[in-house]
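Here is the structure we will look at.
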There are 2 protein chains.
Amino acid sequence: MNASHHVRIVEVGPRDGLQNEKTLLPASVKIELIDRLSATGLTTIEATSFVSPKWVPQLADAAEVFRAIHKAPGVSYPVLVPNLQGYERAREVGASEVAVFTAASEAFNRANINASIDESIDRFLPVLERARADGVAVRGYVSTVLGCPYQGEVAIADVVRVARRLHDLGCHEISLGDTIGVGTPAKARAMLRAVADEVPMGALAVHFHDTYGQALANILACLEEGVRVIDSAVSGTGGCPYAKGATGNVASEDVVYMLHGMGMKTGVDLDRLVETGAWLAARLGTLTASRVTRARTAA
Amino acid sequence: MNASHHVRIVEVGPRDGLQNEKTLLPASVKIELIDRLSATGLTTIEATSFVSPKWVPQLADAAEVFRAIHKAPGVSYPVLVPNLQGYERAREVGASEVAVFTAASEAFNRANINASIDESIDRFLPVLERARADGVAVRGYVSTVLGCPYQGEVAIADVVRVARRLHDLGCHEISLGDTIGVGTPAKARAMLRAVADEVPMGALAVHFHDTYGQALANILACLEEGVRVIDSAVSGTGGCPYAKGATGNVASEDVVYMLHGMGMKTGVDLDRLVETGAWLAARLGTLTASRVTRARTAA
């Protein structure tokens with residue numbers, strides 16, 4: 001067990017959150033969002049994604065946004081890159097940390113990018129190689145770790161294999177994602193424990209969506225197992241375009257509220273985070289998915 | 001630790017949920033709700049409250065509802081009674097299990113019923129006495145166990161004292177309620193552990209509202225401590241009239257989903273529960289607060 005009381009929040013709202021929001025935001029709002037997040041005390045903010053604008057229209061302005069945000073000292077701003085072309089676009093505007101993405105489910109990779117898991121990894125091998133040469137840190141996402149909208153169950157052995165492969169290939173951190181939010185605490189714990197047998201716990205992060213309301217309970221179970229890096233999105237934005245009724249990432253406000261209530265440290269100013277969440281929800285024209293922000297901003 | 005894999009859900013929607021919903025439902029809908037819940041496999045359904053209709057207009061039809069519901073074999077239908085008059089009204093229509101209510105916070109009791117904690121207990125002593133004579137089981141609610149809208153922090157010692165007193169007075173089960181939903185897992189666990197030092201764990205239940213999104217995580221922590229009785233409300237209805245932005249009880253669907261995912265048994269048919277939750281939300285004209293019901297009924 002990890003006795004550290006410090007938890008690092010990886011704020012994925014500007015990328016994973018917004019990419020699945022239907023309301024298109026202007027670049028100026030995204031820039032202000034990231035700048036506001038930088039002022040909360042967060043130390044890792046995934047800023048955008050250099051994927052094809054055809055795939056993710058919301059993030060077509062990746063270069064403009066990344067260039068304009070204030071790079072606060074001590075804060076990393078990783079960006080998602082699907083391939084070498086995306087990597088090069090990201091580097092052109094000064095990105096110094098990137099993230100790559102695959103799934104633990106063969107069916108998910110097949111349906112979404114028409115590739116096997118191994119082929120999906122092969123596709124970003126050139127990114128990993130170039131990043132190593134450039135001294136750029138690479139984060140690896142493994143999605144569908146607790147279930148898949150196409151194949152249903154995902155074997156823990158597959159999650160372990162993919163996570164281990166990404167780590168062996170040089171990813172400094174592996175984020176284990178319950179993309180469709182179907183997991184429950186005992187399964188989350190068992191999955192994390194199995195991965196941690198092969199990859200050091202210090203190199204693992206957990207990433208939950210709240211589709212079935214289980215995200216915080218799953219995070220609690222994973223904290224008990226020793227994980228100390230948690231992905232979340234301010235205001236609980238996002239979803240999954242491939243899963244019916246899938247809702248957003250767990251809200252950063254709700255995670256921070258829980259952690260602080262448990263005596264853990266995040267370095268995040270919850271009041272500022274709540275203000276930012278309420279501000280973002282107003283820009284999106286939605287009711288915030290964060291229960292804490294709802295409660296704190298209730299009339 | 002409790003190694004049992006069976007958890008009893010105490011469905012409090014028809015009482016605690018509905019009493020704080022603004023949309024008044026006709027008795028026929030409440031009767032249908034309870035009958036639907038009886039068909040899900042739930043074994044305890046709090047049916048209504050025999051408080052003054054002036055206080056809770058939604059439940060002014062308590063006698064009519066209680067009389068009309070189908071009493072399924074093996075299912076208990078406790079009702080809330082504030083005093084001897086309520087007890088007598090409940091008994092007239094055949095209630096064989098009742099519940100009484102106090103708070104662990106002096107300020108909460110003072111503000112709501114203009115009494116100290118001890119005075120609030122004195123007020124229902126005649127109920128406990130009569131119930132004992134009648135062979136009627138009494139459940140005791142202790143509210144504000146993790147925080148109070150008036151005094152803020154609530155000392156664990158106060159929760160322990162009140163819970164112990166109710167148990168000593170003959171309550172067969174004590175439900176520990178985070179009425180305003182502010183608690184977090186470590187606090188919930190510490191509170192439960194302290195109470196369980198004085199009252200057998202088998203006589204304890206936990207009751208969380210989801211105002212800050214913490215309910216399922218708190219339930220997980222309490223399950224790990226050994227509690228095996230959980231209060232929840234289908235569709236997550238309810239709220240707290242005394243706390244700003246307070247939202248409803250944790251949704252039964254989300255609790256059952258988590259428990260079944262963890263390999264625990266509740267005897268509840270989740271599909272039927274989801275159907276009932278969706279049906280109730282439609283009657284109330286609201287979006288269900290259950291994430292599971294939202295996900296399962298998404299187009």
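What percent does the relative contact order of chain A come to when contacts are Cα pairs within less than 8 Å and at least six residues apart?
It comes to 20 percent, rounded to a whole number.
Relative to 2.2 N^0.38 Å, what does the C-alpha radius of gyration of the stretch A:83-125 come to as a ratio? Two decimals please.
This ratio for the stretch A:83-125 stands at 1.32.
Can you find, among A:185, A:111, A:162, the residue farthest towards the positive end of the dipole of the protein assembly as shown? Put +1 on the C-beta of Lys and Arg, -1 on that of Asp and Glu.
A:111
Within 10 Å of each Cβ of B:287-294, how many other protein chain Cβ atoms are there on average?
Working: counts 1, 0, 2, 2, 10, 6, 3, 5.
Average neighbour count from other chains, rounded to a whole number: 4.
About the Cα centre, and with charges only on the beta carbon of Lys, Arg (+1) and Asp, Glu (-1), how big is the dipole of the stretch A:1-157? Nearest 20 debye, please. If you can, show how the numbers build up before the last one.
Working: 15 positive and 18 negative charges, 49 e Å.
Charge dipole, the stretch A:1-157, about its Cα centre: 240 debye, nearest 20.
What list of ³J(HN,Hα) couplings, whole Hz, do you get for the stretch A:74-83 from phi and the Karplus terms 6.51, -1.76, 1.60, once you set θ to phi - 60° and write x for glycine and proline?
x, 10, 9, 10, x, 10, 7, 9, x, 6
With point charges of +1 on the Cβ of Lys and Arg and -1 on the Cβ of Asp and Glu, referenced to the Cα centre of chain A, which listed residue (A:20, A:84, A:194) lies farthest in the positive direction of the dipole?
A:20
Amide H of residue A:44: which non-local residues (sequence gap of 5 or more, or other chain) have their own amide H closer than 5 Å, using H built in the peptide plane?
A:11, A:76
So who's got an amide H within less than 5 Å of the one on residue A:204, skipping anything under 5 residues away but keeping other chains? H placed 1.01 Å off N, in plane.
A:174
Given Cβ point charges of +1 (Lys, Arg) and -1 (Asp, Glu) and nothing else, what value in debye, to the nearest 20, does the dipole of chain B about its Cα centre take? Mind showing how you got there, number by number?
Numbers: 29 positive and 33 negative charges, 65 e Å.
In debye, rounded to 20, chain B gives about 320.
For residue B:35, which inter-copy label distances result when the label point lies 7 Å beyond Cα on the Cα-to-Cβ vector, reported in nm to one decimal and in ascending order?
So the distances to the same position in the other copies read 6.2 nm.
Would you mind computing Rg(Cα) / (2.2 N^0.38 Å) for the stretch A:29-126, counting N as its residues?
Numbers: Rg = 14.6 Å, N = 98, 2.2 N^0.38 = 12.6 Å.
The reported ratio for this selection is 1.16.
Would you mind ranking B:116, B:38, A:290, A:105 by Cβ crowding within 10 Å, fewest neighbours first?
Ascending number of Cβ neighbours within 10 Å: B:116, B:38, A:105, A:290.
If you consider only alpha-carbon coordinates, what radius of gyration and Dmax does the protein assembly as shown have, in Å?
25.1, 83
Using helices alone, what [θ] at 222 nm do you get for the protein assembly as shown, with -39,500 (n - 2.57) per DSSP H run of 4 or more residues, divided over all residues and rounded to the nearest 500?
-12500 deg cm²/dmol
Place the label 7 angstrom along Cα→C-beta at residue A:115 and in each other copy, then list the distances from the first to the rest in nm, shortest first.
Those label-point separations list as 6.9 nm.
Which whole-Hz ³J(HN,Hα) couplings does the stretch A:4-17 yield from phi under the Karplus relation 6.51 cos²θ - 1.76 cosθ + 1.60, θ = phi - 60°, glycine and proline marked x?
Karplus-based 3J(HN,Hα) across the stretch A:4-17 equals 5, 9, 9, 10, 9, 8, 9, 7, 10, x, x, 10, 5, x Hz.
For the stretch B:39-91, how big is Rg over Rh, using alpha carbon atoms and the Kirkwood form of Rh?
Numbers: Rg = 11.5 Å, Rh = 11.6 Å.
Using Cα coordinates only, the ratio equals 0.99.
Hey, can you grab everything whose amide H is under 5 Å from the amide H of residue B:103? Only 5+ residues off in sequence or another chain; H modelled, so Pro and N-termini drop out.
B:143
Kindly flag which residue pairs out of A:187/A:265; B:30/B:265; A:30/A:71 have an alpha-carbon separation exceeding 18 Å in this structure.
The answer is A:187/A:265; B:30/B:265.
Inter-copy label distances at residue A:298, 7 Å along the Cα→beta-carbon direction, one decimal in nm, shortest first?
Reported distances to equivalent positions: 2.6 nm.
By count of other Cβ within 10 Å, fewest leading, how are B:269, A:158 ordered?
B:269, A:158
Write down the radius of gyration of chain B and its Dmax, each obtained from C-alpha positions, in Å.
17.4, 54
From the backbone phi of the stretch B:138-147, what are the Karplus-calculated ³J(HN,Hα) couplings (6.51 cos²θ - 1.76 cosθ + 1.60, θ = phi - 60°) in whole Hz, Gly and Pro given as x?
With coefficients 6.51, -1.76 and 1.60, one gets 10, 9, x, 9, 10, 9, 6, 6, 10, x Hz.
Contact order normalised by length for the stretch A:49-174, with contacts defined as Cα pairs under 8 Å and 6 or more residues apart; what percent is it?
Once divided by the residue count of the stretch A:49-174, the mean separation gives 22 percent.
Quick one: putting +1 on the C-beta of Lys and Arg, -1 on the C-beta of Asp and Glu, what dipole do you get for the protein assembly as shown around its Cα centre, in Debye to the nearest 20?
Working: 58 positive and 66 negative charges, 99 e Å.
The dipole magnitude comes to about 480 debye.
Any read-out appearing in this document is the output of simple, stated calculations on the displayed coordinates, not a laboratory observation. As the structure is a computational prediction, the values presented were derived from the model and not from experiment. Counting neighbours? That spans all protein chains shown, and the Cβs are built from the backbone with ideal geometry, glycine included.
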